[in-house]
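Read the structure below first, then the notes.
The values are calculated or read from the model by the stated rules, or taken from the named source; none is laboratory data. The model shown is predicted, which means the values in this text are computed figures rather than measured ones. Cβ coordinates were reconstructed from backbone atoms using ideal geometry, including for glycine residues, and neighbour counts include every protein chain displayed.
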């Protein structure tokens with residue numbers, strides 16, 4: 001009887017001890033298990049190949065950190081660098097737990113995405129790699145829905161190595177924040193997820209993006225405003241020389257754009273501006289001088305002489321897979337900038353989500369109607385402000 005009691009007493013302590021040792025062993029091997037799983041997922045993405053160097057697990061804060069992750073475009077024999085994620089922190093968003101939702105937040109530290117044109121074109125696979133393949137695979141690595149997404153010190157690059165000289169256009173110092181992606185916070189707005197981004201572009205320009213999204217739809221809806229300011233036009237010389245046969249001796253290049261998407265219908269515009277641009281430089285050959293002089297004559301005709309700004313606005317709308325670019329309005333806007341009123345880099349605030357929604361319903365408005373609506377809106381705002389000041 002005494003031996004039986006002693007056995008039961010030992011058993012009472014033995015079982016918790018075994019469980020504790022098992023949990024410790026599991027915790028020790030957990031990073032390796034997760035790393036093997038992640039590497040398996042990355043290696044099986046069609047048209048791509050990727051791996052990670054290490055994974056740290058932080059059970060207390062419900063997180064794991066992926067270190068040294070990369071993803072290359074691959075045809076089985078050749079690999080082309082595509083994406084590098086030195087450090088990715090994936091964790092539970094604790095503040096959403098108090099709202100009754102279990103969601104995650106992701107922070108990407110120093111990520112880079114590089115698109116090499118020639119190498120991408122040289123890869124021939126029976127199953128061509130698509131964006132859906134790698135985005136789905138990477139999001140599948142997150143066990144719960146993503147609600148908060150942040151990029152710190154990111155880099156985007158477009159490179160053509162076969163061009164002479166090489167074309168390398170980059171956005172660096174990219175800071176991006178997107179919130180409420182899983183619509184945890186109840187809102188009356190149709191687009192519940194705010195997004196904002198800033199960065200440095202080629203030529204020392206400043207990039208800015210602001211907008212709202214709804215990523216819960218199969219084709220996301222959005223309302224975005226983009227601007228590029230104060231970029232040195234000479235930074236475009238490699239690209240313009242390759243495709244247009246010109247280069248800039250001086251000048252500032254800027255862009256403003258608004259885009260709205262609703263139910264697969266897109267509506268927006270792109271407004272490029274060249275300020276105080278000069279084409280001919282001392283290093284040009286004789287034929288380059290003749291060609292740039294010919295283009296310079298037309299540049300003179302369509303440049304606003306007061307502000308020395310060559311600009312137009314390119315409107316587009318239609319199905320997201322093949323929007324219609326408005327040619328005649330683009331030409332009209334070119335003349336308007338030159339001879340009537342010079343354009344500025346500021347967005348027109350003429351496009352919003354409602355415009356795309358009406359376009360999706362077949363009720364797209366004309367430019368005249370939009371202008372009348374803007375005037376009526378400004379008039380109503382002035383009258384309201386006047387009444388408040390009385």
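The figures follow:
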| quantity | calculated |
| --- | --- |
| Residue in segment 45-60 that is modelled with the highest pLDDT, counting only those that are touching a helix residue (DSSP H, G or I) at 6+ places or on another chain (Cβ under 8 Å) and outside any strand (DSSP E or B) | 52 |
| Qualifying residue in segment 177-200 (condition: under 29 Å from residue 40 (Cα atoms) and at pLDDT below 90) | yes |
| Near pairs, Cβ below 9 angstrom, 6+ apart or cross-chain, from segment 301-316 (at pLDDT 90 or above) to any residue that is exposed (fewer than 15 other Cβ atoms within 10 Å of the Cβ) and part of a strand (DSSP E or B) | 314/325; 315/325; 316/324; 316/325 |
| Within segment 213-227, considering residues that are part of a strand (DSSP E or B) and more than 14 Å from the chain's Cα centre (by Cα), the one surrounded by the fewest Cβ atoms within 10 Å (Cβ to Cβ) | 214 |
| Tabulated pairs, segment 346-358, first under 18 Å from residue 313 (Cα atoms), second modelled with pLDDT under 85, C-beta under 7 angstrom, 6+ apart or interchain | 350/370; 350/374; 355/365 |
| Residue 247 over 24 Å from residue 336 (Cβ atoms), free of Cβ contacts under 8 Å to residues at least 60 places away in the same chain, touching a helix residue (DSSP H, G or I) at 6+ places or on another chain (Cβ under 9 Å) and surrounded by fewer than 20 Cβ atoms within 10 Å (Cβ to Cβ) | no |
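For (1) assigned to a strand (DSSP E or B); (2) free of Cβ contacts under 8 Å to residues at least 12 places away in the same chain; (3) under 13 Å from the mean Cα position of the chain (by Cα); (4) surrounded by fewer than 16 Cβ atoms within 10 Å (Cβ to Cβ), each residue gets a yes or a no:
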residue	(1), (2), (3), (4)
154	yes, no, yes, no
163	no, no, no, no
176	yes, no, yes, no
190	no, no, no, yes
